[in-house]
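A.B. asks: First the structure, then my questions, so here it is.
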Amino acid sequence: MSASPDLEPSALRAERARARVDSASAPADSASDSASAPADSDSAPAGSAGTAASDASAAPAARASNGNGLDEPVAAAAAVLPALAERVRTLRARRGLTRKALAAAAGISERHLANLEHGTGNASILILHQLAAALHCALAELVGDVTTDSSEWLLIRELLENRSEADLRRARLRLSELFDNATGDERLRRSHIALVGLRGAGKSTLGRMLAEDLDFPFVELGREIEKLAGCGISQIHSLYGANAYRRYERRAVEEVIQIFPEVVMATPGGLVSDSATFNLLLAHCYTVWLQADPEDHMRRVREQGDLRPMSGPGAMEDLRRILAGRASFYAKADLAYRTSGKTLEQCFAGLRAQVRAAILEAG
């Protein structure tokens, strides 16, 4: 039963207006974080609610009109072709090519290119790929990737292109230090232990045991998100969309880092999908990726009484695909620890030893 508007927590009233815009553009990942992903969402059962909290900072403006009677998403779509036309003209001019020469190099008709440059031609992805090759630029540059908006972006991207994962990690850490995203205190960072990974990896179980052993508080980030929103995680997704959920998730991470000088935190499986929040976690917490085989993820979630993994015949394949898609992000954690093929006692003993060694190493 939906709540009366007069009785809704203020945070929810704020998100309801924003959700009118967010729901139209919510990413596909939102579904995997709420109901359909077999081992992704670490949320509490639907219907659990925390304390309502005012969320003035997250209060959105209602969907705006662009003055022509078009809603913002429609207006944004209408601006795509003119913006593409401008980028093609700019890149062609930068390369010193005539329209005829570019059309020949790309293998398309000059008339087709003229329509595209006037903002009336709706090119296929194949045509755009051919144009990008002829202009000697990345397809992303042609379609308007944010990293192509300025010469500085392009120069930075050139420096990072074709670098190894190790080099890119060093660059990311240096940038974090430069822009004050890092704590600057390694001892403090290692006093914030954040467990990441898909559902069924053992974050809650091992997290509680580790917190008790270290005499640290234990925090389920999902519960903190519910407290901020004043409703269950599944309700945030269904009522306000994935973008609203990600905002609450980031705020919850920020609050845990600020409030607790020492903590063990179990994070939702999809947290790594938001690069800003994951960067925040990496900069301020000692992160541990709890790894498990897909079959173990599925079995453990089923043993917890959660039947969502059984919701479809392709559930296991979906799980494998989610895990494969996120593995490169989970791998950015400070420590990767496998929980498959071990008893609970063996898992905890090994994890305890490695985490304690990391804390001692920081002094």
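A.B. asks: Taking 7 Å along the Cα-to-C-beta vector as the label spot, tell me the Glu186-Ala138 distance in nanometres, rounded to one decimal.
C.D. replies: The modelled label-to-label distance comes out at 3.1 nm.
A.B. asks: Per residue, how large is the accessible surface of segment 173-237? Use a 1.4 angstrom probe and give square angstrom.
C.D. replies: With all protein chains present, segment 173-237 gives 43 Å² per residue.
A.B. asks: Net charge near Ile108, counting Lys/Arg +1 and Asp/Glu -1 over other residues with Cβ under 15 Å of its Cβ?
C.D. replies: +2
A.B. asks: State the three equivalent ellipsoid semi-axes of segment 258-363, derived from the C-alpha gyration tensor as the square roots of 5 times its eigenvalues, in descending order and whole Å.
C.D. replies: For segment 258-363, the ellipsoid semi-axes come out as 26, 18, 12 Å.
A.B. asks: Further, regarding this structure: Over what distance in Å are the Cα centres of segment 333-356 and segment 258-276 separated?
C.D. replies: 19 Å
A.B. asks: Leaving out ligands, DNA and RNA, what percent of the accessible area of segment 102-153 is carbon and sulfur, probe 1.4 Å?
C.D. replies: Whole-percent figure for carbon plus sulfur exposure: 57.
A.B. asks: Something else about it: Per residue, how many Å² of accessible area does segment 257-341 show with a 1.4 Å probe?
C.D. replies: So segment 257-341 comes to 45 Å² accessible per residue, rounded to a whole number.
A.B. asks: Report the extension gain between Lys342 and Leu159 in nm, rounded to one decimal, defined as 0.36 nm multiplied by the number of residues separating them, less their alpha carbon distance.
C.D. replies: So the chain would gain 61.5 nm between Lys342 and Leu159.
A.B. asks: Name the GluC sites (Glu not before Pro) in segment 153-214 that are in a loop by DSSP and that have at most 12 other C-beta atoms within 10 Å, would you?
C.D. replies: Glu161
A.B. asks: Here's another thing I want to ask about it. Express the Stokes-Einstein translational diffusion coefficient of segment 175-250 in µm² s⁻¹, to the nearest whole number, given a Kirkwood radius over alpha-carbon pairs, 10 °C and a viscosity of 1.306 mPa s.
C.D. replies: Approximately 108 µm²/s, per Stokes-Einstein.
A.B. asks: Right, next: What is the sum of charges around Leu135, taking Lys and Arg as +1, Asp and Glu as -1, for the other residues whose C-beta is under 13 Å from the C-beta of Leu135?
C.D. replies: Result for the neighbourhood of Leu135: +4.
A.B. asks: Between Ala104 and Glu254, what is the spin-label point distance in nm, taking each point 7 Å from the Cα along the Cα→C-beta axis?
C.D. replies: Label-label distance for Ala104 and Glu254, simple model: 5.6 nm.
A.B. asks: Pop out the carbon and sulfur fraction of the accessible area of segment 198-335 as a percent, whole number, probe 1.4 Å.
C.D. replies: Taking all protein chains in place, segment 198-335 shows 51 percent carbon and sulfur surface.
A.B. asks: A further question follows. Work out Dmax and Rg for segment 94-162 from the C-alpha atoms and quote the Rg first, both in angstrom.
C.D. replies: Calculated on Cα positions, Rg and Dmax stand at 13.0, 37 Å.
The values are calculated or read from the model by the stated rules, or taken from the named source; none is laboratory data. Quick caveat: nothing in here was measured; it's all calculated off a predicted structure. Quick reminder, even Gly has a Cβ in these numbers, built from the backbone with ideal geometry, and neighbours come from all protein chains shown. For the accessible areas, the whole protein counts, side chains as well, though only heavy atoms, and no ligand, DNA or RNA atoms are used. Shrake-Rupley method; radii C 1.70, N 1.55, O 1.52, S 1.80 Å.
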